[in-house]
Every structure is written in C-alpha cells, then in structure tokens.
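Below: the structure, in structure tokens.
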Amino acid sequence: MNNIISYAHIKNNSVSINGTPVFSSEKNATLPEFLSEAYKSMEISYPKFHKMDLQCKLGFLCTEFALQNTAFISENDLTKTAIVISNSASSLQTDKLHQHSIDDKTNYFPSPAVFVYTLPNISIGELAIRHKVTGENAFFVSKKFDAHLLVNYTELVLHDNASSAICGWVEVDDTAYEAFIFLVETKNNTNKNTIFKPLNQLVVTQIYNQT
Amino acid sequence: MVFASYNNIISGLGFSTDENYNAILNSELAVKKTILPFSIETFCVAKIDETLLKNRFSSIENTDYYTKLEQLSILSIQDVMAQSGVNPADEKTLLIYSTTKGNIDLLEKNNFSAIDKNRIYLWSFANVLQQHFNFKHTPVVLSNACISGLLAIIIAKRYIESGAYNNVIVCGGDILSEFTLSGFKSFNALSNEPSKPFDTNRVGINLGEAVSTILITNNKELAKPYEAQIISGFSANDANHISGPSRTGDGLFQCLNQLNVTNKTDIGFISAHGTATPFNDEMESIAIERAELSGVPVNSLKGYYGHTLGAAGVLETILSLESLKNQTLIKSEGFESLGVSGKISVIDSFEKKSFQSFIKTASGFGGCNAAALFSKI
C-alpha cells in the first residue's frame, strides 16, 4: 500500500502542514520577502539556500515543512526515494532573467549562476542534495496542478524502483506562486506523529483543495 | 514485453532516420563552424537547414502559424504515425514530449512573429501538437535536463507495463538558441571545434538542434523494424552538485547497477552521454568501470550531432537501434586517445559485430542520470 504520511502547502504568503496553518507573512509581502521570513522561522542553517532561485527556494521550504516532525528521511532507504515534481511555468521566471541579460549587446552579462536555474529539475537536484536522496527523478509540466498525472506516475515509480517518494507542485510565474509537497511511503505506519492517507487521486485532490 | 520501434530523426544530417544513419556511416558531421544571426563570433554548432524545413512544412501547414520547434515536431511525429499506423485518437495512445527549453525563441526581444507568446509554456506548446494530430490524451511533458529523452522512454515503458497505454509516442526536441548558447558559453563549456568525447584533448561541448520521435509499444506486430525490446531502465540522482557531476559517478553507477544485466558478453556497446566536457566524460568512465562494464565498447554520438538536449536521449537510442539491427558498432567521432581515468574501451572505427543488446545512458544538470538496457527479442 502507498500512503501519504505528511504534506505542506504554501500559497498567499502562508504555510500549512497537514491542513493546519503554521506560518504566515503579511499579505503584501513580496515572494522574496516571504521566502526569507519563512526560512528564518525554520531556524535552520543551510547556506546553499541563499544561492537558489525563487522556485528552488519555494520547493526547498515546502519540502522542509512537509518533513517537519516526520521520520521520513531517517527511516527510508534514500537510494529508493523518488522525487516527482511538476508545475506549469517550468523555469520561466529565471528564463526571463537570463534572456534579459543577453537582450542588449552593449549590456551583455549572462551568468552561470543564473543560467543553471533555467532548468526546472534543478529544484529536484536541490532537494536531492539537501537530503541525500538518490532515487528516481521526474519533472513534469502541466497546465494546472494535475493530481492524476502525479499520483499515477508516482504509483508506477513506486511499483518499479522506489519505496518512498517526495511529490508535488512547485510553481513561480511572475507574482503568482504556489507549492504543495506530499510525502509517500510504501511501508506500514511507524510514526504516530504523521497522518496516514492512501495515495490516490481523490485524496490528493482533497488535501490540495483543503486550504 | 515493451518494444522500441518506428522512429524518425530530424537533424542537420537529414529528415529521416535512414538519412541520418547513412550520413554517420559516411562520417558526416552535423556540427559545423557557423556564424549565427545573433553574434559576430563563430560557433561550432549543429543546425537544421531552414529552407529545407520551410519547404517540407509548407506542404502541410502555413509556416507563419507554427514555431520552428512545432514545425520540426509535427514533421517528426507525422513520419512515425505514418510508418506505424498508430491511431492518435485511440484511448490507449499517449504522446510524451521531452524538452529542456521548448519554444524558447518566443522570449527573444526581436521575435516579432504573430504566434501567441503563451506557447512559451511547455504545456501550451504540447497542446499545439495534440490539436494537430488529434491525440485523445493531453500529452505528458517531461523537462528533466539532459536525461529528458531517455527518461521519457523509460517512463513510456512504465506506462505501457501498467496497462494504461498500448502505444506511447516519445518525441524529444530542442532548437539551437542564443539563450542556451550564451548560457553554456558563460559556463566555459563550449568547444570551438567539433567536440571530442572521451579524448585527451576534449575541451567542451557543441550545441546542436534536433527533433526525434520513437514509438514505444506492446504490440509485437508493430515491433518489426527492430525486433527490439526495452529490458530495464532507471534514473538516479548524484545528490552532489547542481551543475557538476559526481566525481565518483554515483548516480550513473546506481542506474547501471540496477539494469539487471545477466550476460555482459551479450552487450554490444554502451551508447554513453559523452558530452566531451572534461568532468562529464571522466565521471562516466568511472561509473562504467565501477559497474564492471569496462569490457563493453563505448561510443558517444555527440561528435556528430553535438548536444541536442531534450532530443539527445531519443536520437541516440534510435541510432543505437540501427546499430543493433545492422550489427555494426558506430565509431565514436572525435576520439583519438583515451583521456579519462576510468577503464573504458572507446569505439574508434566502424566495426561489424554479432551482439544481442546495448545500454544507453544519459546524465545532466541537477545531478540526474539515467540508463536503459535494450535487447533483441
């Protein structure tokens, strides 16, 4: 059986874990401001965070919140932990930054530190590095959050080559943003602190729409 | 069983797989020193002939309404649909599109085409293909850096094995753009000469453009062109660095180790990623040695095509299937003397050989790696 053991949702400058609000910034805070405040609230030290583009920061924080109070990282074989992420805009926000740096021949400043983030799966790489997760990867692009696509593929990868998975949606597009991360395990419930819901399209749609 | 079957390659070496395979047998290179519209510098890149593309596409549709990548993708997919007779409107048919940057040219300041700028969104780009061919299902779009093409084939296999689909069309494509050229240049990753994978004097990659399409199917009747199946395929992450490969080849080793190779002597060759950057090729050699596959000959096709990004895994799988069908090892173009520390044997000339199977690998930014094992039925 595949079960969701925890999830986190970030939107409208607020964070919820398993449906319960845990952190928020002022409504008019910009995304960089909100991400910075959310990072500080976690009381972690991870210098690589500050080099990330907004999308990677958002995915990183949402995953940190989803993992809070779980034993997901310590209890799973991380060589068999898959990361399956999706969004709508791919890496468009950073693509525009890189394009802007080459638009003007008299002011030409392409930077490797920006260019590397013009691939959406870099956000998967950042999660893999942070948590030493070396399993399967896939980054899908769909018009909207697609519970069917995510659940269906996660089931296939769990069947073929994974025993746990970090899944979800990490989207930044101009001023609009949203992240929703859920953690899936195939083993029996061993941790009382976590929720325990079967992985299926209905459940994922419900918990996504919950807050 | 899941079969790899009908296919198409559009590149600087031609508009069909036959044209491409015959061109490489003649040691023709798609990569050439070229002056591009956006720079006074000379780049060594692989481009698709624009006049040929216009001539071919205008016999189907008005070129004004489709981007370059859409035109190439429609031509490539159409070739595979025509060869295979697969019905796109069938409940059990799916299109998977693999790309890193899609219609990235729509972001350019000087792009004055009448095309809806929203087609910069990869799902919107894929929607154009769905509409054109009347695919029943919304295409699945995969954007996973340089392993996208091979990973799309592995994902197609998983979809078919689950019973969800009988036929999955996997199309991979990326165009040559100032966007990617300037980015790789900022990394000092480009070679100004045709690239030299695994060679002592390799200095970096050539970028290339291509679109390639392959049918993955469970229908044995449709497997006739190659009589080849996908035995296994996996991805793994190095969890080491976002823009540099693991020095010890961890992720690629993990993939290779899982392939379930029963008899190494059956494997004719490994079609490596082989971008010709110092770090990538070194990493691959170490992973191959760690997986105890040093005895299996290795080639990279990047010397012919450059790095075609989202197309690469599909294109290189197709040419490896040709290699299997013709029982011919393809020379690793640009290679003269071994310049990596892992023990590997690079294929330095075309060679007839009797073999059953091959391994295709890929590695990319974000620490991702993939490997798959293909075999004769």
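The values are calculated or read from the model by the stated rules, or taken from the named source; none is laboratory data. On a predicted model such as this, the values are computed, not experimentally measured, just so you know. Glycine also receives a Cβ, built like all others from the backbone with ideal geometry; neighbour counts cover every protein chain displayed. The area values use the complete protein model at the heavy-atom level, side chains included, leaving out ligands, DNA and RNA. Shrake-Rupley method; radii C 1.70, N 1.55, O 1.52, S 1.80 Å.
Placing unit charges on the Cβ atoms of the charged side chains and taking the dipole of region B:67-125 about its Cα centre, the candidate lying farthest along the positive direction among B:Met81, B:Ile96, B:Ser113 is B:Ser113.
Put a plus charge on the Cβ of each Lys and Arg, a minus charge on the Cβ of each Asp and Glu, and nothing anywhere else: the dipole of chain A about its Cα centre is then about 280 debye. For a modelled paramagnetic label at B:Gln327, 7 Å from Cα along Cα-to-Cβ, the residues of region B:240-274 in reach, with backbone nitrogen under 17 Å, are B:265-269.
With +1 on each Lys and Arg Cβ and -1 on each Asp and Glu Cβ, and nothing else charged, work out how big the dipole of region B:1-118 is about its Cα centre, in Debye to the nearest 20.
Working: 10 positive and 15 negative charges, 64 e Å.
My answer is approximately 300 debye.
Distances between every pair of Cα atoms in region B:1-99, grouped in 5 Å steps from 0 to the bin holding the largest one, split as 2, 10, 17, 19, 21, 15, 8, 4, 2, 1, 0 percent. For the residues B:Ile270, B:Ile115, B:Ile216, a GNM of chain B with alpha-carbon springs under 10 Å puts the largest fluctuation on B:Ile115. Antiparallel beta bridges, as assigned by DSSP with both residues in chain A, represent about 70 percent of the total such bridges. The simple spin-label model puts a point 7 Å past each Cα toward its Cβ; for B:Lys220 and B:Phe350 those points are separated by 3.4 nm.
In chain A, the alpha-carbon atoms span a convex hull of 119 Å³ per residue.
Put +1 on the Cβ of every Lys and Arg and -1 on every Asp and Glu Cβ in region B:230-376; which of B:Asn257, B:Ala276, B:His241 then has its Cα farthest towards the positive end of the dipole? Ranked along the dipole, the leading option is B:Asn257.
Can you pull the percent of Cα pairs in region B:217-304 with separation above 23 Å? Summing the P(r) tail past 23 Å for region B:217-304 gives 32 percent. Per-residue Karplus couplings for region B:358-369, computed as 6.51 cos²θ - 1.76 cosθ + 1.60 with θ equal to phi - 60°, are listed in order as 8, 10, 10, 10, 7, 9, x, 4, x, x, 8, 9 Hz, Gly and Pro entered as x.
Here the protein assembly as shown is assigned +1 on the Cβ of each Lys and Arg and -1 on the Cβ of each Asp and Glu. Its dipole about the Cα centre then comes out at about 600 debye.
Residue by residue along B:179-189, Cβ atoms of other protein chains within 10 Å of the local Cβ number 5 on average.
Take each residue of peptide B:137-147, count the partner chain Cβ atoms within 10 Å of its Cβ, and average: the result is 6.
Computed over the Cα atoms, what is the radius of gyration of the protein assembly as shown divided by 2.2 N^0.38 Å, N being its residue count?
The value comes to 0.91.
Treating r as the C-beta distance of B:Thr262 and B:Asn110 and R0 as 51 Å, the FRET efficiency rounds to 0.40.
Here the Karplus curve 6.51 cos²θ - 1.76 cosθ + 1.60, taken at θ = phi - 60°, turns the phi angles of region B:293-301 into couplings of 10, 4, x, 8, x, 10, 9, 10, 9 Hz, with x standing for Gly and Pro.
The protection proxy used here, the mean number of other Cβ atoms lying within 10 Å of each residue, ranks peptides B:180-191, B:228-239 as follows, highest first: B:228-239, B:180-191.
Summed over the residues of chain A and divided among them, the accessible surface reaches 40 Å² per residue at a probe radius of 1.4 Å. Between B:Ile40 and A:Thr106, the distance separating the two model label sites (each 7 Å from Cα on the Cα→Cβ line) works out to 1.5 nm. Averaged over the residues of B:236-248, the number of partner chain Cβ atoms lying within 10 Å of the residue Cβ comes to 6. Positive-end ranking of A:Ser90, A:Phe115, A:Leu183 along the dipole of region A:3-209, with charges on Cβ about the Cα centre, is headed by A:Leu183. Just the protein heavy atoms count here, and of the accessible area of the protein assembly as shown at 1.4 Å, carbon and sulfur take up 49 percent. 3J(HN,Hα) along region A:69-74, derived from phi through the Karplus expression 6.51 cos²θ - 1.76 cosθ + 1.60 where θ = phi - 60°, amounts to 6, 10, 10, 4, 6, 7 Hz, with x in place of Gly and Pro. Ligands, DNA and RNA are left out, and with a 1.4 angstrom probe the accessible area of chain B is 33 Å² per residue. Helical content alone sets the calculated 222 nm signal of chain B at -9000 deg cm²/dmol, taking -39,500 (n - 2.57) per DSSP H segment of four or more residues and averaging over every residue.
Computed on region B:237-287, the Cα convex hull volume stands at 78 Å³ per residue.
Between A:Gln68 and A:Ser36, what is 0.36 nm times their sequence separation minus the Cα-Cα distance? Round to one decimal in nm.
Full-extension gain reported as 9.7 nm.
How much solvent-accessible surface does B:Val170 expose, in Å² to the nearest 10, with a 1.4 Å probe and all protein chains in place? Using a 1.4 Å probe on the heavy atoms, I get roughly 0 Å². Legend: calculated FRET efficiency, A:Thr205 to A:Val22, from the Cβ-Cβ distance at R0 = 22 Å, rounded to 0.05, equals 0.50.
Residues considered: B:Ile205, B:Ile175, B:Ile40. Largest GNM mean-square fluctuation over chain B, using C-alpha springs under 10 Å, is found at B:Ile40. Using the Cβ-Cβ distance between B:Ser341 and A:Ser45 with R0 set to 30 Å, the FRET efficiency from 1/(1 + (r/R0)^6) comes to roughly 0.25.
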